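Inspection log for the structure reproduced underneath, given as structure tokens.
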Amino acid sequence: MISAYRNRKAARINADKIKKSSRSVDLEVEVAVPEHFRCPISLELMKDPVTLSTGITYDRESVEKWIYEDGKHTCPVTGTALTTLESVANHTIRKMIQDWCVQNKSYGIDRIPTPRAPTTSYQVSEILSKIVATRMKGDGEGVMELVVKIKDLVKESERNKRCIVSNGSSRVLSETFELFSCHENENLQVLEEILSGLTLMLPFDQETRSYIGSNRSLRSIVSILKHGGLSGRRNAVLALKDILSSDRITLLKFVEIKGSIEVLAKLIKEPICPTTTNASLLAIYHLVTPSSSLDQKKTLISRFLEMGLIEKLVEMLVDCPRSVCEKALGVLEGLCNVDEGLEKAYGNALTVPVLVKKLLRVSDMATEFSVSILWSLSKYEKSMGYEEENMAMEALQVGAFQKLLLLLQVGSSLKTKEKAGDLLKGWNSHRGRVECIETMDFKHLKRPF
């Protein structure tokens, strides 16, 4: 009996091995995709085949990237100039591909889904007409429902987004935003919804910026920044970043609104997400850069300094992503354009070590900002009659001399190299008192002085 049991068990094991080996053979079989099913650009199986004016068929995603993102208006295969940028869906090829996928299902090939028809200009115009009619009735709920439809279409595809933007959607939504801004406290939810739709269409055109940059609209944006939800505040600062970067008059109108500066600083001190932080830093950068008049800039910087922005920026720079780092350094440089800002930065124990750490480590822009701030702090130290060795010793102990020498050898702007040279000349006499610098590190470098 035992031997019979062993024989049956051995037979089952052999049968399992045969099944497994047969499956592995099946899996090793490669299915050849017919050439006319492959996109000439990506060389992959087409999911949404479309035909250009030259008669060549491509996958929609690949050819739209070729035309709209890369800006090429020729046929990828023939090189012939396109008579129209519009493409036509090739339903015949798509059905052939779907049938082929079904036939080869056993090889693990899934059937490609039938793509949804892209949005047309007529559909967009119809929705926009309804928004105009609904807003004239003061129907906030109705406007919100229509904005949600616009948002859904934009999120479907880049093609839909281009169609929606090209038909003037941002202008209609910005007009509607300004209209409902008459009573922002009552219509805060409606305004947040409209703004969420507008931020999907960034960057704004000039007409949209004129509506969003009006006094009423700016007050509503500040109100959303104060009282809105997390997504509402995120969208508000994204819109604000765009409009402040384009027009100095809009900037002046914004700073005159009560609480506008404080609410921006709060987004830095109490961050919501990296996107919001980046947008807030850019908005502040436009406020404190030299494009403003000197007196106005001093007033704005003083308000930011009172809210402890320098301390927060230095703390943020200790460990932050590259994109945030560049913008934070840009704002810090702007704040150090006045003596009050330099005093705050000079008195912070982390300022010099953090700035030296960012040299040649993050990006060329971050390095230029860091050198500029260190140079300004050095000049401030001399003008105030402080002991020059304080900052020099602090910088040298964290490797500033070596990094600045390297900076003179690599590519950077002439202005940055001049400032780096000034710093090296001033700190050279203190270098011998710092033991952490290894002279062999400079073996292959040439001194500029």
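Against the definition (out of contact with any Leu (no Cβ under 7 Å at 6 or more places or on another chain) and over 17 Å from SER196 (Cα atoms)), how does GLU126 come out, yes or no? Reasoning before the result, please.
Working: out of contact with any Leu (no Cβ under 7 Å at 6 or more places or on another chain): yes; over 17 Å from SER196 (Cα atoms): yes.
When the stated conditions are applied, GLU126 passes them.
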In the set GLU343, GLU333, GLU418, which member is in a helix (DSSP H, G or I), closer than 23 Å to THR276 by Cα and at pLDDT 90 or above?
GLU333
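For THR114, indicate whether it is at pLDDT below 90 and surrounded by 11 or more Cβ atoms within 10 Å (Cβ to Cβ).
Working: at pLDDT below 90: yes; surrounded by 11 or more Cβ atoms within 10 Å (Cβ to Cβ): yes.
The answer is yes for THR114.
Please go through the stretch 170-207 and pick out each residue that is in a helix (DSSP H, G or I) and either out of contact with any helix residue (DSSP H, G or I) (no Cβ under 7 Å at 6 or more places or on another chain) or closer than 16 Å to LYS253 by Cβ (or both).
Taking the stretch 170-207 and keeping what is in a helix (DSSP H, G or I), we get 170-183, 188-201, 206-207.
Listed by number, the residues that qualify are SER174, PHE177, GLU178, SER181, HIS183, GLN189, GLN206.
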Candidate set: the stretch 187-220, residues that are within 21 Å of ARG162 (Cβ to Cβ) and acidic (Asp, Glu); chosen: the one least open to solvent (accessible area, probe 1.4 Å):
ASP205
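May I ask you to list the residues in the stretch 293-314 that are among the acidic types (Asp, Glu), surrounded by fewer than 16 Cβ atoms within 10 Å (Cβ to Cβ) and modelled with pLDDT of 90 or more? Working first, answer last.
Taking the stretch 293-314 first, the residues among the acidic types (Asp, Glu) are 295, 306, 311.
In the following step, the residues that additionally are surrounded by fewer than 16 Cβ atoms within 10 Å (Cβ to Cβ) were identified as 295, 306.
Selection gives GLU306 alone.
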Residues being of a type in the set (Gly, Ala, Ser) and not in a loop (DSSP other than H, G, I, E, B) - total across the stretch 115-127
2
For GLY347, indicate whether it is closer than 19 Å to LEU313 by Cα and of a type outside the set (Phe, Trp, Tyr).
yes
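What do you reckon, is TYR380 open to solvent by less than 80 Å² (accessible area, probe 1.4 Å) and among the aromatic types (Phe, Trp, Tyr)?
yes
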Residue check, LYS253 assigned to a helix (DSSP H, G or I), open to solvent by 10 Å² or more (accessible area, probe 1.4 Å), under 15 Å from HIS286 (Cβ atoms) and touching a Gly at 6+ places or on another chain (Cβ under 8 Å)
yes
Given the condition of a type outside the set (D, E, K, R) and free of Cβ contacts under 8 Å to residues at least 12 places away in the same chain, answer yes or no: does some residue in the stretch 174-186 qualify?
yes
Inspect all residues belonging to the stretch 221-231 and state whether any of them is surrounded by fewer than 21 Cβ atoms within 10 Å (Cβ to Cβ), outside any loop (DSSP other than H, G, I, E, B), touching a residue at least 24 places away in the same chain (Cβ under 8 Å) and under 17 Å from the mean Cα position of the chain (by Cα).
yes
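The values are calculated or read from the model by the stated rules, or taken from the named source; none is laboratory data. As the structure is a computational prediction, the values presented were derived from the model and not from experiment. Cβ coordinates were reconstructed from backbone atoms using ideal geometry, including for glycine residues, and neighbour counts include every protein chain displayed. Side chains included, ligands, DNA and RNA excluded: accessible areas come from the protein's heavy atoms. Shrake-Rupley method; radii C 1.70, N 1.55, O 1.52, S 1.80 Å.
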